[in-house]
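These notes concern the structure reproduced below.
Read-outs: derived from the displayed coordinates by stated rules, not from any lab. In this text the structure is predicted, and so the values were computed from the model without any measurement. Glycine gets a Cβ as well: all are built from the backbone with ideal geometry, and neighbour counts include every protein chain shown.
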Amino acid sequence: MIQFDPDERAIHVQFPGGEEIEIGGLPQGVAIENGSQRALFVDQAEADTLGKMIDYILQKVPIKPESQEALKAVRPRLETLFRD
């Protein structure tokens, strides 16, 4: 679960295993979108596998153009997860 406290300018994150973190002191103007996106927590191996699956689908599987565009849009975001 991820919650944003606009009064404190802080993000509180609770992970499935019960661990919690808080990121505070966010500057004014930081874009926080409410409701349309969700977090997916994956490790490096899972991200690599998902990337390969996306590539395979885009190359080999006939899908609707709108689905193809959605996969093309998410692929670069997946690549940036573990970029140093």
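Note down the magnitude of the dipole of the chain about its Cα centre, charges +1 on Lys and Arg C-beta and -1 on Asp and Glu C-beta and zero elsewhere, to the nearest 20 debye.
Around 600 debye, computed over the chain.
Given the chain reduced to its alpha-carbon atoms as identical point scatterers, what log10 I(q)/I(0) does the Debye formula return at q = 0.17, 0.24, 0.25 Å⁻¹?
-0.90, -1.18, -1.22
Quick one: helix 44-60 against the long Cα principal axis of the chain, what's the angle to the nearest 10°, folded into 0 to 90?
40 degrees
Check the straight Cα-Cα distances from residue 52 and name the aspartates and glutamates below 17 Å, setting aside those fewer than 8 residues away within the same chain.
Partners found: 43, 69, 79.
Normalised by the number of residues in the chain, what is the relative contact order in percent for Cα pairs under 8 Å and 6+ residues apart?
Relative contact order here is 17 percent.
Mind checking which of 40, 25, 2 is farthest towards the positive end of the chain's charge dipole, using Cβ charges of +1 (Lys, Arg) and -1 (Asp, Glu) about the Cα centre?
Of the options given, the answer is 40.
Just to confirm the number: angle between the C-alpha axis of helix 65-79 and the first principal axis of the chain, 0 to 90 degrees, nearest 10?
60 degrees
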